[in-house]
Amino acid sequence: MSARRRVTVLDYGSGNIRSAVRALERVGADVTLSRDPKDVTEAAGLVVPGVGAFDAVMTGLRAVDGPRLIGRRIAGNRPVLGICVGMQVMFDRGVEHGVPTAGLGEWPGTVERLAADVVPHMGWNTVEPPADSTLFAGLADERFYFVHSYGVQDWSFDVSIPAMAAPRVTWSRHGAPFIAAVENGPLSATQFHPEKSADAGAQLLRNWLGTL
C-alpha cells in the first residue's frame with residue numbers, strides 16, 4: 001500500500017475549509033489544516049480554498065503571508081491546487097462592483113461578473129477539458145458543482161519559452177464561456193468545488209493527489 005500523501009490546506013479564514021479537508025481525507029490524503037510556513041512549504045501538496053469576495057480572500061491570504069508562500073511553492077515546482085476563489089486569485093486581478101483588486105498574478109486575466117442573465121451560477125454543470133488533461137482523466141461527460149457570480153472569460157497566456165508546456169485550460173458555460181479549470185505545471189485550479197462534486201469531484205482530487 002502506498003504512503004498517504006501529505007497535503008496542507010491553507011488556513012486563512014475561508015469558509016469552505018473543513019469540507020475541503022474532509023474530502024481530501026476521504027480520497028486518501030494525510031491532511032493538515034495550517035497557516036504555519038513550515039507546513040505550507042514542506043507538504044507534498046498545498047490546497048488554497050476560497051469562497052466569497054475576491055478582495056476578502058486576498059486580504060485573508062495577505063494576513064498569513066499567503067502570497068509569498070504560494071509563490072515560493074510554485075517557483076520551486078511544488079504542487080498547489082486552488083479552489084473557487086482560490087483559483088480566481090491566481091489571476092492578475094478581480095473586479096467586483098467596479099472596484100479592482102490585485103491578485104497573485106500567476107496567470108494573466110481579470111475575474112469579472114459572468115456574462116449571464118442569471119447569477120450566481122449555482123448548481124451542476126458540464127466542463128470541456130482538453131484531451132491531455134490530468135485532472136479530468138476518466139471524467140469525460142461528468143458534472144461538477146459551481147457556486148459563483150464571477151469568473152475569467154478570456155485566456156491570453158502566451159508561452160514565450162519553447163520548452164515550456166502550454167497550460168491546459170478547461171472551459172464551461174453559463175451565459176457565455178468561462179474558465180472552469182487550469183493545469184499549469186505545479187499550479188492547478190478549479191472554479192467549481194470538487195469537495196462538493198460527489199464522485200466526480202472525489203476522482204478529480206485523486207487525480208491531483210496522483211501528481212504529488
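The values are calculated or read from the model by the stated rules, or taken from the named source; none is laboratory data. Nothing here was measured: the structure is a model prediction, and the numbers come from that model. Methodologically, a virtual Cβ is constructed for each residue, glycine included, from the backbone with ideal geometry; neighbour enumeration extends over all protein chains shown. The accessibility values were calculated without ligands, DNA or RNA, using every heavy atom of the protein model including side chains. Shrake-Rupley method; radii C 1.70, N 1.55, O 1.52, S 1.80 Å.
Can you tell me which residues in region 63-75 are in contact (Cβ under 8 Å) with a residue 24 or more places away in the chain, open to solvent by 10 Å² or more (accessible area, probe 1.4 Å) and not acidic (D, E)? Give the steps one after another, and end with the answer.
Within region 63-75, the subset in contact (Cβ under 8 Å) with a residue 24 or more places away in the chain is 63-67, 69-74.
Among the residues that remain, those that are also open to solvent by 10 Å² or more (accessible area, probe 1.4 Å) are: 63-65, 67, 71-72, 74.
A63, V64, P67, G71, R72, I74 - these are the residues of region 63-75 that are in contact (Cβ under 8 Å) with a residue 24 or more places away in the chain, open to solvent by 10 Å² or more (accessible area, probe 1.4 Å) and not acidic (D, E).
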If you go through region 79-115 one residue at a time, how many are open to solvent by 30 Å² or more (accessible area, probe 1.4 Å), among the hydrophobic types (A, V, I, L, M, F, W, C) and in contact (Cβ under 8 Å) with a residue 60 or more places away in the chain? 1
Matching residues in region 1-17 (assigned to a loop (DSSP other than H, G, I, E, B), surrounded by 15 or more Cβ atoms within 10 Å (Cβ to Cβ) and of a type in the set (S, T, N, Q)) number 2
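If I ask for residues that are among the aliphatic types (A, V, I, L, M) and open to solvent by less than 10 Å² (accessible area, probe 1.4 Å), which ones from region 180-199 would you list? Lay out the reasoning, then the answer.
Of the residues in region 180-199, the ones among the aliphatic types (A, V, I, L, M) are 180-182, 187, 189, 198.
Matches in region 180-199: A180, A181, V182, L187, A189.
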From the residues in region 160-174 that are open to solvent by less than 60 Å² (accessible area, probe 1.4 Å) and at pLDDT 95 or above, which one is farthest from E106 (Cα to Cα)? H174
At least 2 residues that are under 18 Å from the mean Cα position of the chain (by Cα) and over 30 Å from A75 (Cα atoms) in each: list the strands (runs of 3 or more DSSP E) lying fully within region 86-127 that qualify. 121-126
Scan region 90-98 and give yes if some residue there is in contact with a Gly (Cβ under 6 Å, 6 or more places away or on another chain) and of a type in the set (F, W, Y), otherwise no. yes
Top-ranked residue of region 135-154 - restricted to ones that are within 20 Å of L187 (Cβ to Cβ) and exposed (fewer than 15 other Cβ atoms within 10 Å of the Cβ), ranked as modelled with the lowest pLDDT: D154
Sole miss for G52 among (1) of a type in the set (G, A, S); (2) at pLDDT 95 or above; (3) open to solvent by 10 Å² or more (accessible area, probe 1.4 Å); (4) under 21 Å from H121 (Cα atoms) is condition (2)
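Give me the residue from region 18-49 that is aliphatic (A, V, I, L, M), open to solvent by 10 Å² or more (accessible area, probe 1.4 Å) and not in a loop (DSSP other than H, G, I, E, B) and, out of that set, farthest from L204 (Cα to Cα).
Let us first name the residues in region 18-49 that are aliphatic (A, V, I, L, M), namely 20-21, 23-24, 27, 29, 31, 33, 40, 43-44, 46-48.
Checking which are open to solvent by 10 Å² or more (accessible area, probe 1.4 Å) leaves us with 21, 27, 31, 33, 44.
Of the ones still in play, those that are also not in a loop (DSSP other than H, G, I, E, B) are 21, 31, 33.
Values: V21: 15, V31: 17, L33: 20 Å.
Here the answer is L33.
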